[in-house]
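One structure is given below, encoded as structure tokens.
The values are calculated or read from the model by the stated rules, or taken from the named source; none is laboratory data. Everything numeric in this text was worked out from a predicted model, so none of it was measured. Here the Cβ positions follow ideal geometry from the backbone for every residue, glycine too, while neighbour counts run over all protein chains shown. Note: accessible area is taken over every heavy atom of the protein model, side chains too, but ligands, DNA and RNA are not part of it. Shrake-Rupley method; radii C 1.70, N 1.55, O 1.52, S 1.80 Å.
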Amino acid sequence: MKFSFARGALALMATLTLASCGGGKATFPINVSVSGVSYDGLILTTNGQELPIHYTGDPKTPATINAVFPNGIEYGEIYTVVPKTVTTTGSDGKAVTTVSYPQHQTCSPATGYPIGLPITGTAGQLAKIQINYACSINAYPLVAKVTGLRATGLSLANGSGVAPVSVSPVLGTDNQPTGADITNLTLFSVTFATTYGVTVLSQPTGQTCTVSGGANGTGAGTMDQAAETAGGVSNFVISCVNNPT
């Protein structure tokens, strides 16, 4: 490890010495690696330069894309590599900032060893400028209203691979269930282009609950473009009634 570090330092000193002999400063390319890219649209920027990260492959097969900014920067220059932002004025007169992420994704600086490198620095601090980003598919909530729930034991599930969500009834001042509606209950988070299907996994004691809503009206659908634009799916209704005695 010490030998490797020393070798890198010597290489940097040699580069700077050669540049000095030539009467100019050393130039450092800004290397970028972006993992998890499933869609096109990411644009990174630094020091007045832009670097589009293009991807036209299958969204189900995320790629790692390596690229280099068009121009290097000189020794001593400060750099910060971030996604490009554009600020416009909305119809309400307020400023709207748009980040140039890939469609349906969000990208952040990579974390963890050994790829968690700083996205800002000064050229010459290290022998090589390497910036790493990681992208993930955006997820959106499934939101429901629960009506008529008067007992415990209600559990909801989304497909077979998601842990159930238990729902408790609203209690009054006497600590007894009131049957009042539960609104804006976030059930699950679903990534873009993924199907969902909310079902009753277990019924509350003495009651039967049914699911409506979603794209097909019975709790199922796909987190598609329309759902993404709306920020999720919020038309679920879990209706509970007392069982006949």
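Straight-line cross-link reach from Lys94 at under 30 Å between alpha-carbon atoms covers these lysines, not counting any fewer than eight positions away in the same chain: Lys84.
Of the residues Val34, Val99, Val68, ranked by 1.4 Å probe accessible area with the largest first, the sequence reads Val68, Val99, Val34.
Extending 7 Å from the Cα toward the beta-carbon at both Thr191 and Glu77 defines two label points whose distance is 3.6 nm.
In this structure, the amide hydrogen of Val237, modeled 1.01 Å from its nitrogen in the peptide plane, lies closer than 5 angstrom to those of Lys145, Ser212, Gly213, counting only residues at least 5 positions away or on a different chain.
Put simply, the amide H of Thr106, placed in the peptide plane, has neighbours under 5 Å in Ser136, Asn138, leaving out anything fewer than 5 places away on its chain.
Distance between the pseudo-spin-label points of Val86 and Leu201 (7 Å out from Cα toward the beta carbon): 4.3 nm.
On the beta carbon distance between Ala180 and Val99, with R0 = 45 Å, the FRET formula returns roughly 0.65. Using a Cα-Cα cut-off of under 20 Å, which lysines could be cross-linked to Lys128, ignoring same-chain neighbours fewer than 8 residues away? Output for Lys128: Lys2, Lys25. Stretching Glu50 away from Leu171 to a fully extended chain increases their span by 37.9 nm, per 0.36 nm per residue minus the current alpha-carbon distance.
When the solvent-accessible area of region 174-226 is split by element, carbon and sulfur atoms take up 51 percent of it, the probe being 1.4 Å.
Once the dipole of region 82-226 is set up with Lys and Arg at +1 and Asp and Glu at -1 on Cβ about the Cα centre, which of Leu185, Val198, Tyr133 lies farthest towards its positive end? Most positive-ward Cα: Tyr133.
Averaging the sequence gap over all C-alpha pairs within less than 8 Å and six or more residues apart, then dividing by the number of residues, gives region 34-148 a relative contact order of 29 percent. Summarising the amide proton neighbourhood of Leu201: residues at separation of 5 or more, or on other chains, whose placed amide H is nearer than 5 Å comprise Ser155, Leu156, Ala157. As a length-normalised measure over Cα pairs under 8 Å and 6 or more apart, the relative contact order of the chain settles at 16 percent.
For the chain, what is the calculated [θ] at 222 nm in deg cm²/dmol (nearest 500), taking -39500 (n - 2.57) for each run of four or more DSSP H residues and dividing by its residue count? My calculation for the chain gives -3000 deg cm²/dmol from helical runs alone. Using the 1.4 Å probe convention, the accessible area of the chain works out to 56 Å² per residue with neighbouring protein chains retained. Measuring with a 1.4 angstrom probe and ignoring ligands and nucleic acids, Ser35 comes out at about 40 Å² accessible.
In region 93-171, carbon and sulfur make up what percent of the accessible area (probe 1.4 Å)? Taking all protein chains in place, region 93-171 shows 57 percent carbon and sulfur surface. Measuring r between the beta carbons of Thr245 and Ala139 and using R0 = 41 Å, the FRET efficiency lands at 0.45. What the phi angles of region 206-217 give under the Karplus curve with 6.51, -1.76 and 1.60, with θ = phi - 60°, is a coupling list of x, 9, 10, 10, 10, 10, 10, x, x, 5, 9, x Hz, glycine and proline written as x. Fully extending the segment from Ala67 to Ile115 would add 15.7 nm, taking 0.36 nm per residue of separation and subtracting the current Cα-Cα distance. Remark: spin-label model distance Lys128-Ala230 equals 4.8 nm, labels positioned 7 Å along the Cα→Cβ axis. Of the peptides 122-130, 100-108, the ranking by mean beta-carbon count within 10 Å, highest at the top, reads 100-108, 122-130.
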